[in-house]
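Here is the structure we will look at, set down as structure tokens.
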């Protein structure tokens with residue numbers, strides 16, 4: 001059974017705090033194994049990647065077949081149905097349009113002293129995207145990771161996707177093509193992350209690695225961080241729905257389950273000011289769980305981590321939601337804009353009953369790679385910003401240096417950094433001669 | 001002796017690649033010690049922090065004296081000279097003005113389907129800033145970390161700064177006050193990071209931790225990452241100066257040394273198209289090293305990691321610099337703007353001979369916390385962006401859902417996520433009744 005809470009309960013605060021701190025995922029400790037794999041790939045390059053792929057994916061490769069050829073890609077893509085192709089194309093177009101608006105602006109200005117200040121954004125040169133194989137091989141994730149990179153101007157975008165027993169997902173390849181991916185390698189696991197980070201004879205190194213993966217992939221990303229950039233390490237994900245009495249309980253039940261069906265450690269929370277709505281949604285969830293295809297996953301998620309919280313009013317709902325800082329937040333209330341204004345921490349907000357979270361997973365436009373496990377308190381979803389970096393610019397004139405240089409010299413001396421001070425003083429002396 | 005290279009040398013490429021991959025810092029493996037300290041602080045809170053501070057900083061504290069009182073702060077600040085106070089005030093004002101321009105904009109638009117899309121930025125609620133004690137206790141770093149946080153709108157900004165044997169740096173306290181810091185704790189090391197991340201009876205937890213520190217602090221930041229956000233883990237830093245024949249070799253020597261004097265593992269590189277300039281700068285560095293206060297640090301840095309590279313032309317210089325992706329890049333050339341346009345990877349660019357890097361360390365306005373160890377290939381310096389996060393917004397209308405909902409349903413079915421599809425279908429059916 002999910003947790004049922006009411007803010008009127010005397011022990012509500014303790015119970016809600018416990019809900020927040022519940023550990024939902026046991027990450028197996030694979031760090032030593034991963035360290036060995038990375039060292040092996042660094043030392044032996046292609047040969048190590050090929051051996052590990054034979055071992056873990058039961059697939060025999062050569063340096064020439066590590067990468068999908070154009071002909072192979074075209075042949076696989078031809079298997080995709082027209083309806084699926086059209087849906088992916090529409091999704092790609094909408095995701096591209098949304099992310100194009102994220103491109104940050106360069107700035108350069110001249111201040112009163114005459115100094116020019118500003119900054120400039122440039123893309124990462126080469127990026128690698130990890131795409132899981134098997135069950136969790138989602139073409140939508142390819143679009144969500146690859147399109148921001150290409151919008152940012154990344155010149156070389158490589159995908160690694162394991163194909164256990166040689167099984168490739170045509171939709172993943174089509175998504176990669178629509179997104180403009182340049183290279184696709186049929187490798188996975190920690191060995192693929194190591195190959196992207198350090199390069200091999202056949203796989204040039206990249207500067208940044210993004211994309212979801214299992215415990216081995218996550219551990220490998222943590223280990224190569226610093227050598228290359230990485231995106232966030234995703235934890236178990238969550239949805240929080242705030243509903244008032246006018247909401248549709250059947251719809252909300254499906255929205256809660258569309259989170260729960262991802263993963264047994266996913267969390268679905270309903271907060272409502274209507275006890276009747278709490279009951280109706282709970283009943284609707286139970287009914288759906290009788291027949292849902294993925295009830296073996298969604299059921300345990302709902303029973304172990306689901307929660308239904310009855311509050312006095314929607315202000316209280318917003319305050320509790322801000323404590324959760326959910327990855328996905330649905331506002332199924334009469335005035336979602338007013339409620340949204342009270343939300344300070346959330347990865348993505350879906351406003352009103354006509355905006356199921358699933359729209360955001362596929363086709364709305366915003367990214368579906370979002371901060372999980374309460375990290376929306378301090379981080380953002382994936383965006384164009386993950387594939388660009390800022391170079392700050394400063395250009396002094398003699399006048400500007402005369403205006404602000406003496407203060408720099410004073411501070412350098414305070415910090416006992418003599419050369420810092422002298423580098424300013426030498427120039428000031430030249431001006432004052 | 002520093003490395004001398006010439007692109008005309010037959011083995012130049014190999015030698016330059018070796019320069020790029022040279023390991024400049026041996027990080028002691030303190031991870032186990034740090035794990036123990038964090039566990040202790042989580043379990044025993046204040047008591048653990050107080051014990052560890054007595055042990056490492058030889059300072060006896062109580063829960064009441066963990067934090068500096070207002071009276072203590074005022075008394076210490078009163079020791080600061082007028083010249084230093086004025087310099088810090090000017091620096092704070094200029095850093096604030098620069099960072100104010102970094103505040104990102106919210107966006108919200110209605111597209112053809114009628115759907116509203118956009119995003120909104122909100123500040124991190126609480127941030128903690130680590131300030132090293134002792135030699136590397138730099139008031140300038142307090143300004144550079146704290147001001148972007150306050151510009152971003154962080155409500156609660158706490159500083160931790162160790163005071164070994166009770167010795168506090170009045171300039172650090174004044175910088176904290178000028179930056180608007182709310183709380184200052186006289187603790188340091190892994191125990192301070194743990195206290196900020198998990199909270200104790202006297203120190204409320206924060207959501208994000210930034211600031212430099214030693215190996216223990218860096219290991220602690222890595223370990224609490226995920227529970228809270230962190231900034232980059234800084235590595236050994238570097239300066240690269242590109243100079244042509246018109247540059248002033250004495251000034252460049254001081255600029256190279258102002259990096260070298262930070263740390264024995266710092267790296268200073270000169271790239272020039274003038275062999276005469278290469279010689280003149282080298283001689284000037286050697287001369288300064290005879291008398292420089294910090295020659296015991298700057299000397300080894302220059303001899304072990306310094307490099308002088310002679311190139312055919314400035315295009316070649318830009319290409320090599322982009323391979324280095326230096327933290328600091330000075331362009332001491334006749335047309336620095338033209339050369340700057342060819343730079344794709346650098347933390348900060350200082351244009352022209354009148355812009356010594358030291359200006360950027362203190363008072364230029366841009367941040368001096370910059371990506372080190374070649375990470376400017378994929379990351380940016382500290383900014384307001386580190387203290388805000390984006391919430392994406394989507395609001396469908398019935399018409400918008402009819403336009404794009406079917407494609408979402410198609411993709412959900414492709415990915416075998418039935419509840420995702422049903423959550424869209426249920427709404428579409430209601431519309432089509």
I'm told residue B:104 meets every condition in (1) within 30 Å of residue B:280 (Cβ to Cβ); (2) touching a helix residue (DSSP H, G or I) at 6+ places or on another chain (Cβ under 9 Å); (3) assigned to a loop (DSSP other than H, G, I, E, B) except one. Can you identify the failing condition by its number?
(1)
Checking the condition at the interface with chain A (Cβ under 8 Å from one of its Cβ atoms), under 26 Å from residue A:337 (Cα atoms) and within 43 Å of the chain's Cα centre (by Cα), which residue from B:426, B:408 passes?
B:408
Does at least one position in the range B:245-263 carry a residue that is at pLDDT below 95, within 29 Å of residue B:29 (Cβ to Cβ), away from chain A (no Cβ under 14 Å) and touching a helix residue (DSSP H, G or I) at 6+ places or on another chain (Cβ under 8 Å)?
no
Please verify whether residue B:112 is assigned by TED's automatic domain parsing to the domain that holds residue B:185 and either at negative phi or at pLDDT below 95 (or both), treating the condition exactly as stated.
no
Regarding residue A:184, is this residue in a strand (DSSP E or B) and not assigned by TED's automatic domain parsing to the domain that holds residue A:274?
yes
Using the structure shown, decide if residue A:267 is buried (at least 22 other Cβ atoms within 10 Å of the Cβ), touching a residue at least 60 places away in the same chain (Cβ under 8 Å), in the same structural domain as residue A:304 (by TED's automatic domain parsing) and more than 30 Å from residue A:65 (Cβ to Cβ).
yes
Checking the condition under 24 Å from residue B:53 (Cα atoms) and touching a strand residue (DSSP E or B) at 6+ places or on another chain (Cβ under 6 Å), which residue from B:160, B:154, B:142, B:172 passes?
B:160
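Taking residue A:356, is it in contact with a helix residue (DSSP H, G or I) (Cβ under 9 Å, 6 or more places away or on another chain) and within 30 Å of residue B:82 (Cβ to Cβ)?
When the stated conditions are applied, residue A:356 does not pass them.
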Among the residues that make up the range B:387-399, is at least one of them crowded, with 22+ Cβ neighbours inside 10 Å, under 13 Å from the mean Cα position of the chain (by Cα), closer than 30 Å to residue A:415 by Cα and more than 7 Å from every other protein chain (Cβ to nearest Cβ)?
yes
Has the range A:5-20 got any residue that is part of a helix (DSSP H, G or I), without any contact (Cβ under 8 Å) to a residue 60 or more places away in the chain and assigned by TED's automatic domain parsing to the domain that holds residue A:203?
no
Any idea which of (1) at the interface with chain A (Cβ under 10 Å from one of its Cβ atoms); (2) surrounded by fewer than 21 Cβ atoms within 10 Å (Cβ to Cβ) is the one residue B:112 doesn't satisfy?
(1)
In the range B:219-240, what count of residues is obtained for those that are farther than 25 Å from residue A:376 by Cβ and at pLDDT 90 or above?
4
If you go through the range A:61-69 one residue at a time, do you hit one that is within 11 Å of chain B (Cβ to nearest Cβ) and buried (at least 16 other Cβ atoms within 10 Å of the Cβ)?
no
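One line per residue, one yes/no per condition, for (1) over 30 Å from residue B:21 (Cβ atoms); (2) surrounded by fewer than 21 Cβ atoms within 10 Å (Cβ to Cβ); (3) not assigned by TED's automatic domain parsing to the domain that holds residue B:46:
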residue: B:155; (1), (2), (3): yes, yes, no
residue: B:195; (1), (2), (3): yes, no, no
residue: B:200; (1), (2), (3): yes, no, no
residue: B:245; (1), (2), (3): yes, yes, yes
Out of all the residues in the range A:267-294, which are in a strand (DSSP E or B) and under 18 Å from residue A:353 (Cα atoms)?
A:268, A:269, A:270, A:271, A:272
Residue list for the range B:210-220, restricted to those being within 12 Å of chain A (Cβ to nearest Cβ) and either in contact with a strand residue (DSSP E or B) (Cβ under 9 Å, 6 or more places away or on another chain) or buried (at least 24 other Cβ atoms within 10 Å of the Cβ) (or both):
B:210
Within the set of pairs 6+ apart or on separate chains, which have a first residue in the range A:358-375 that is without any contact (Cβ under 8 Å) to a residue 12 or more places away in the chain and facing chain B (nearest Cβ under 7 Å), a second that is crowded, with 24+ Cβ neighbours inside 10 Å and in a helix (DSSP H, G or I), and C-beta atoms under 6 Å apart?
A:359/B:408
Of the conditions (1) surrounded by fewer than 22 Cβ atoms within 10 Å (Cβ to Cβ); (2) within 9 Å of chain B (Cβ to nearest Cβ), residue A:354 clears all except one; give me its number.
(1)
Meets criteria (in contact with a strand residue (DSSP E or B) (Cβ under 7 Å, 6 or more places away or on another chain), away from chain B (no Cβ under 11 Å) and more than 22 Å from residue B:417 (Cα to Cα)) for residue A:117
no
Members of the range A:28-40 found to be part of a loop (DSSP other than H, G, I, E, B) and either more than 22 Å from the chain's Cα centre (by Cα) or surrounded by 14 or more Cβ atoms within 10 Å (Cβ to Cβ) (or both), listed by number:
A:29, A:30
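The values are calculated or read from the model by the stated rules, or taken from the named source; none is laboratory data. In this text the structure is predicted, and so the values were computed from the model without any measurement. No Cβ is skipped: glycine too gets one built from the backbone with ideal geometry, and neighbour counts run over all protein chains shown.
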